[in-house]
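Take a look at the structure below.
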Amino acid sequence: MSSRIEQIIDEIEEYIDSCKFQPLSTTKIIVNKDQIDELLRELRMKTPDEIKRYQKIIANKDAILADAQAKAESMLEEAHVQTNELVSEHEIMQQAYAQANEIVMAATEQAQQILDNATSDANDIRIGAIQYTDHLLAQAENIIGSTLDSYTTRYDNLINSLKEHYDVVRANRAELEVPEMSSRGLEAEFGQDNE
């Protein structure tokens, strides 16, 4: 993050870059005195604060370095302690890993057994469902076949009965042997069209 002094210097440079050149010159510019004075005044006011801040940092340099050194040594000591603890816990960790692997293997075997049992049960249920469906379809097939046979027999009997009646009617008509008459004579006699 830049300081306010750097920002003011950037503003002065931007202002100078935006100024117009004097006529017939490429090096001299025309500036607004009030604007440049304002920027320079602010720069003078901020400079002592920034210098004081940097002087304070420089004065505290030794204290900051000493504090950083102490923190670094403390971190190193803590790292050594943790390393020693990790080395002493290494054997415990190996035992824990061995136990964890045994538990994982046992759980895997148990899960496989459960999966095998579930697959077997599912297959048994599927086979049972197929057998039950086949039984129901066989019953339906028998009922439909029986009904079809029954209605076929009834239909055949109806056809035979109708044929017998037809034959009787035909035979009776043949016995009547109505003499041939003109169609007008039949119409007059029966009062209807002979079709």
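GNM on the chain, C-alpha springs below 10 Å: top fluctuator among Ile36, Ile130, Ile114?
Comparing Ile36, Ile130, Ile114 in the GNM, the peak value goes to Ile36.
Given Cβ point charges of +1 (Lys, Arg) and -1 (Asp, Glu) and nothing else, what value in debye, to the nearest 20, does the dipole of the chain about its Cα centre take?
Approximately 1600 debye in magnitude.
Determine the shape class of segment 1-117: with a ≥ b ≥ c the square roots of the Cα gyration tensor eigenvalues, call it rounded for a/c under 1.5, and otherwise prolate if a/b is greater than b/c, oblate otherwise.
oblate
Would you mind telling me which residue in Val81, Val168, Val104 has the biggest mean-square fluctuation in a Gaussian network model of the chain, where springs connect alpha carbons within a distance under 10 angstrom?
Highest fluctuation of the listed residues: Val168.
Mind telling me which of Arg170, Arg126, Arg53 comes out most flexible in a GNM of the chain, alpha-carbon contacts under 10 Å?
Ranking Arg170, Arg126, Arg53 by mean-square fluctuation puts Arg170 first.
Among Leu162, Gln69, Gly128, flag the residue with its Cα farthest along the positive direction of the charge dipole of the chain, charges on Cβ as +1 for Lys/Arg and -1 for Asp/Glu.
Farthest towards the positive end: Gln69.
When the accessible area of the chain is split by element with a 1.4 Å probe, what percent falls to carbon and sulfur?
Ligands and nucleic acids excluded, carbon and sulfur reach 57 percent.
Net charge near Glu50: determine it from the other residues with C-beta under 13 Å of the C-beta of Glu50, scoring Lys and Arg +1 and Asp and Glu -1.
Overall, the nearby charge balance is +3.
Which helices pass in the chain if a helix is a full DSSP H run, must span at least 18 angstrom along its long axis by Cα, and must have mean Kyte-Doolittle hydropathy not below 1.0?
none
Of (i) -0.38, -1.28; (ii) -0.88, -1.26; (iii) -0.29, -1.31, which is the value of log10 I(q)/I(0) by the Debye sum over Cα atoms at q = 0.09, 0.18 Å⁻¹ derived from the coordinates here?
So the structure-derived entry is (ii).
222 nm [θ] for the chain, helices only, -39500 (n - 2.57) per DSSP H run of 4+, per residue, to 500?
After summing the helix terms and dividing by residue count, I get -31500 deg cm²/dmol.
Going toward the positive end of the dipole of the chain, with +1 on Lys and Arg Cβ and -1 on Asp and Glu Cβ, which of Ile144, Gln95, Tyr54 do you reach last?
So the residue we want is Tyr54.
If you roll a 1.4 Å probe over the heavy atoms of the protein chains, what accessible area per residue do you get for the chain, in Å²?
Each residue of the chain exposes 91 Å² on average to a 1.4 Å probe.
The values are calculated or read from the model by the stated rules, or taken from the named source; none is laboratory data. This structure is a prediction, so every number in the text was calculated from the model and none was measured. In this analysis, Cβ positions are derived from the backbone assuming ideal geometry, glycine residues included, and neighbour counts consider all displayed protein chains. The protein model used for the area step is the full one, side chains on, heavy atoms only, and it has no ligands, DNA or RNA in it. Shrake-Rupley method; radii C 1.70, N 1.55, O 1.52, S 1.80 Å.
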